[in-house]
Amino acid sequence: MAQTTGGANGSPDRRLLEGPHSRFHEALLLFRAMRDFVRGFRGLHFVGPCVTIFGSARFDESHPFYAVTREVGRRVSQMGFTVMTGGGPGLMEAANRGARDAGGPSVACNIELPHEQQPNPYLDRSITCHYFFVRKVLLFKYSYAFVAMPGGIGTMDELFEALTLIQTKKIRSFPVILIGTEYWQPLVTLLRGLEQQGAISAEDLNLVMVTDDLDDAIAHLEAHTVEPFGLQRRRPRRWLGERGLRVSADSPSASGPSSPRPSA
């Protein structure tokens, strides 16, 4: 049977997913994925407990949800968390910008696209991945909560990945919060319809909190992250070439009654 050869002009993801290649080429694909993982693990190991904020790259500063997302990022940072996003423009930028407003750490897992996506300017550290699946692993590996702002297919993909991992108990029951009740109403209606048809359980509907009230959202994060999981920050070992994030002494991520507890 003929095998595809994978043209040199295809994207890394396309070449990975288009079928079998030569053994040498498959080894190169595995090496590139491994390299992405190693870079991600080394770069993000000491950024502290994260809250990942999803949202549209297409909603710029003029969009009403840009200011809302910036405030979400600021409040999450004030809790002592590192704000993590996909690193792009729009609402991802707004979340990272909010963390910067609060003086807290701001990181991202970016992705190489055919039309190159530049990291937004409000990042303390950014990891760029070749493969979407590596990026997803990194986004979920370091996060203890997920906040979905209004977004499109990419946001939906990340949201349902989080819900699937929680539903199947591949990760613990971290809180998932959707901001914007009117925007998310069609999705809520869909989920209720799935429950009525028996495709999901009533318990699955409880995995998501939908709200417009940021005070309620932050209280929900506090109740379902810091206390249940006893979060701690790891310290880097310089002799291994490991680097932490520089956080000022007066930053909410350095101290505070609701911050994740620092390790001894």
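Laboratory data are not the source of any read-out in this text; all were calculated from the coordinates shown. Model, not experiment: these values are computed from the prediction. Virtual Cβ from ideal backbone geometry, glycine too; neighbours counted across all protein chains shown.
Peptides 92-104, 136-148, 188-200, 33-45 ranked from most to least packed, by the mean per-residue count of other Cβ atoms within 10 Å: 92-104, 136-148, 33-45, 188-200. With no solvent and one equal point scatterer per Cα, compute the Debye intensity ratio I(q)/I(0) for region 38-228 at 0.12 Å⁻¹ and report its log10, rounded to two decimals. Here the Debye-derived log intensity ratios amount to -0.53. All other residues whose Cβ lies under 13 angstrom from that of Ala99 are scored, Lys and Arg at +1 and Asp and Glu at -1, for a net of +2.
Reducing region 175-191 and region 36-76 to their Cα centroids gives an inter-centroid distance of 19 Å. If you take all other residues with their beta carbon under 15 Å from the beta carbon of Ala162, and give Lys and Arg +1 and Asp and Glu -1, the sum is +2.
Computed from the C-alpha gyration tensor, the three semi-axes of the ellipsoid equivalent to region 94-158 are 19, 15, 13 Å, from longest to shortest.
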